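Note sheet for the following structure.
The values are calculated or read from the model by the stated rules, or taken from the named source; none is laboratory data. Everything quoted here is computed from the prediction, not taken from an experiment. Cβ placement follows ideal geometry from the backbone for every residue including glycine, while neighbour counts extend to all protein chains displayed.
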Ligand code: 7RM
């Protein structure tokens, strides 16, 4: 296992304030414990009760039918529902059409739009009709390649309405990433925008990227282009359609499709260790319920609260906690197009003051980058509307936790450190804000119905507290992914092989003497940079596309801002001479192939890489060198050529 050192106890414990507890959905640790016990004792009963939160067209026959040995996972079989009805229609029907669904804050602070549930209802129906008119049918896949604009929510919900399976591709991804994702799930339609606006970038070439991709995506028939900037883009007659025109010229009525609870709702690609991204597939009923229930309890959402999740919809956090969970709960959400440092480092705090945000959910990497700019930025703004803070994506360390707590939350806002994965659909380990005393850096305790366990490398479960090992889940929950799209065997192999009968998260953890969970990082070769899940193999593949490169190996190393950054070891083809020019070109190549978030922070040219006799690169050694832990390289006797280690150490980039 390659776990970062676990934090050392004892950590201070922060009790929820009376103000946080009194009105909370769960207001004491004993109430949490009782409910938690009950949720395990009668798991089906618990979820059946929770499922009453949603509108069902037809009630389910069976709550759960899950078997991790056979890797078969089904929730609410026989039940029928529609996700867009649950996120939009029912709120309007129940008399809440005037409630603001989305407060859109543009990249430019002067640009704001408010969209009520009624307006959203109309837009979603028009979009659903436009998709149908372009030939999209139930079960077809639709690629959504957009920035953070309201049309993102409309497009997602329109797909859900007609039973099309959406696959959102992060707006910063390159044409090449787009091609592989579109082809893997044979998308019929792409929804994109002319150009994008983000920070100082005023013309991100979204449609142009689609144009680059489309020659190599034979299944794509139509491209919808949202007018965002009005920049001139090529429009191919008969294929490309302006989104706004299509919506305006269609009917504002479209009946939601009755979907089986187990029908796919969406695919979201996440990095895999072999380099080929995995199409994580989520099912309609279980996913929607899980997103809704966790949003309700973890963010303690109550009608009237203004809730802001800063995550991009291109990641799972945006799917679950910007779109599906909050909208199912009739929340008012802030959707932000910009970046934390534009026009200056006060932007987040300015937006909180402007929209009187009550609940704020962001990533530790964003906090680190803002913390280093000093307290003067947040201190300029009135943050008194805040009552709850959250984090996600990576472990949060003490300095930024304390800063978040004191400088942003003024000491009175509980912080929920939420641990989960693309694969889990929603939050699994987390404090409940009115109930759970928190320790900075710990995601604390399991959510209702969740059964974490800690395993040794040898596959034995470690019972009791103060144990370290691999984090697994011993039973299913409704939000669990159902399969890897088009490759069920990969689903089985990745998550259920290492510990038979259990779901392996890939993370290491420490369950401390109080039973609190501390996530210590990935045990395999995924690197989490600024909260983005990046496969080492993908980056190596991209570097390898440079003509001069023979071979590359990348590892993560601790980085103050990004949490983990990428260190690349590159062997050039014989006859090629290492230079700053090649270094720059390699960097550009990675940006072009995968996007800027995957570019290596450090790059070392190496004559050879440490390999085993069977040819496997020993990343353990590369990690130690990157981390500058040179005294402790471990056993190098299994290397084919132990001498390469010395030359790697001497060429280390500081
Ligand atoms: C939601 C999301 C998943 C991986 C996960 C962990 C790490 C996420 C936390 C965390 C420590 C947290 N999905 N991770 N949240 N580690 N504390 N609160 O991030 O699929 O992109 O990444 O992220 O390693 O396995 S993800």
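A few notes on this one:
- For segment 190-204, the set of residues classified as within 23 Å of the chain's Cα centre (by Cα) and farther than 22 Å from residue 130 by Cα consists of 196, 197, 198, 199, 204, listed by residue number.
- Those residues of segment 516-539 which are more than 8 Å from the ligand (Cβ to nearest atom), in contact with a helix residue (DSSP H, G or I) (Cβ under 8 Å, 6 or more places away or on another chain) and within 14 Å of residue 564 (Cβ to Cβ), in sequence order: 525, 527, 529, 530, 534, 536, 539
- When restricted to residues that are over 23 Å from the mean Cα position of the chain (by Cα) and crowded, with 19+ Cβ neighbours inside 10 Å, segment 363-382 contains 2.
- When we screen 422, 430, 418 for residues that are within 23 Å of residue 378 (Cβ to Cβ), touching a strand residue (DSSP E or B) at 6+ places or on another chain (Cβ under 6 Å) and within 14 Å of the ligand (Cβ to nearest atom), the only hit is 418.
- Failed item, numbered, when residue 64 is tested on (1) surrounded by 13 or more Cβ atoms within 10 Å (Cβ to Cβ); (2) outside any strand (DSSP E or B); (3) over 25 Å from the mean Cα position of the chain (by Cα); (4) in contact (Cβ under 8 Å) with a residue 60 or more places away in the chain: (2)
- Test for residue 286: is it buried (at least 20 other Cβ atoms within 10 Å of the Cβ) and at pLDDT below 95: no
- Scanning segment 492-515 for residues that are within 12 Å of the ligand (Cβ to nearest atom) and outside any strand (DSSP E or B) yields a count of 1.
- The residue that is nearest to residue 517 (Cα to Cα), counting only those in segment 380-396 that are within 16 Å of the ligand (Cβ to nearest atom) and without any contact (Cβ under 8 Å) to a residue 60 or more places away in the chain, is 396.
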